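Peer 1: One structure, as structure tokens, below. Some questions next.
The values are calculated or read from the model by the stated rules, or taken from the named source; none is laboratory data. The model shown is predicted, which means the values in this text are computed figures rather than measured ones. Every residue, glycine as well, gets a Cβ built from its backbone with ideal geometry; the counts of neighbours run over all protein chains shown.
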Amino acid sequence: MTPDGAYRAINWQTVILIAAMLPMSIALEVTGGAELIANGLINTLGAVGPLAMLAGAFLLTTGFSQVMSNTATTVLVAPIVLQSAVGLGIAPQPMLMMVAIGAAAAFLTPIASPTNTLVLVPGGYRWGDYARIGLPLLLLALLISLIIVPIAWPL
């Protein structure tokens with residue numbers, strides 16, 4: 001690959017989106033928004049236990065990733081989940097892994113990922129088709145993650 005070819009292959013929309021989301025993430029931290037959300041997670045799901053926190057991290061992340069880029073979602077949610085893990089006194093690695101998996105689990109809408117959008121019209125799909133197939137797949141990803149992540153990265 002030539003340097004010009006590499007430069008043309010860069011997805012500039014993603015680069016700009018990440019660059020735009022970084023200040024949003026920083027603003028959430030500076031204004032105390034991240035801490036407020038983290039405390040909300042700790043007070044609600046933290047009382048139930050670490051597995052509930054893992055599920056919450058996954059669901060929060062996957063919720064955002066259905067309507068915005070998974071990369072931007074990760075940049076936005078990771079600091080919140082990190083603060084939640086530290087506040088609860090559990091290892092941050094499994095929580096951040098759930099963020100990564102949740103961001104990749106963009107199955108519910110055609111705008112959740114470029115791949116979903118790409119096949120929408122040629123495949124003759126409708127919005128409801130994504131939710132009908134995507135919800136069971138999302139729940140399966142959550143269940144498998146809740147089993148494997150705590151084994152690979154102990155809480």
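Peer 1: Go through the residues of region 104-115 one by one and say whether even a single one is over 14 Å from the mean Cα position of the chain (by Cα), under 22 Å from residue 15 (Cα atoms) and not in a loop (DSSP other than H, G, I, E, B).
Peer 2: yes
Peer 1: I've got another one for you. Residues that are crowded, with 22+ Cβ neighbours inside 10 Å, farther than 20 Å from residue 144 by Cα and β-branched (Val, Ile, Thr): does region 81-100 have at least one?
Peer 2: No, region 81-100 has no match at all.
Peer 1: While we're looking at this one, here's another question. Out of region 126-155, which residues are in contact with a helix residue (DSSP H, G or I) (Cβ under 7 Å, 6 or more places away or on another chain) and either loosely packed, with under 15 Cβ neighbours inside 10 Å or among the aliphatic types (A, V, I, L, M) (or both)?
Peer 2: Selection gives 138, 141, 142, 146, 149, 155.
Peer 1: I've got another one for you. With (1) buried (at least 17 other Cβ atoms within 10 Å of the Cβ); (2) among the hydroxyl-bearing types (Ser, Thr, Tyr); (3) modelled with pLDDT under 90 as the list, and residue 61 as the residue in question, which single condition is left unmet?
Peer 2: Failing condition for residue 61: (3).
Peer 1: Does residue 108 fit the bill of being out of contact with any Lys or Arg (no Cβ under 6 Å at 6 or more places or on another chain), buried (at least 19 other Cβ atoms within 10 Å of the Cβ), closer than 17 Å to residue 133 by Cβ and of a type outside the set (Gly, Ala, Ser)?
Peer 2: Answer is yes for this residue.
Peer 1: Is there a residue in region 58-65 that is over 23 Å from residue 139 (Cα atoms) and either within 18 Å of the chain's Cα centre (by Cα) or without any contact (Cβ under 8 Å) to a residue 12 or more places away in the chain (or both)? If you could, list the steps in order and put the result at the bottom.
Peer 2: At the first step, the residues of region 58-65 found to be over 23 Å from residue 139 (Cα atoms) are none.
There is no residue in region 58-65 that is over 23 Å from residue 139 (Cα atoms) and either within 18 Å of the chain's Cα centre (by Cα) or without any contact (Cβ under 8 Å) to a residue 12 or more places away in the chain (or both).
Peer 1: Could you please find all residues in region 66-90 being under 25 Å from residue 50 (Cα atoms) and out of contact with any helix residue (DSSP H, G or I) (no Cβ under 7 Å at 6 or more places or on another chain)?
Peer 2: Selection gives 66, 89.
Peer 1: Also, I was wondering about something else. Please go through (1) at pLDDT 90 or above; (2) crowded, with 20+ Cβ neighbours inside 10 Å for residue 55 and return the number of the only condition it doesn't satisfy.
Peer 2: Result: residue 55 fails condition (2) only.
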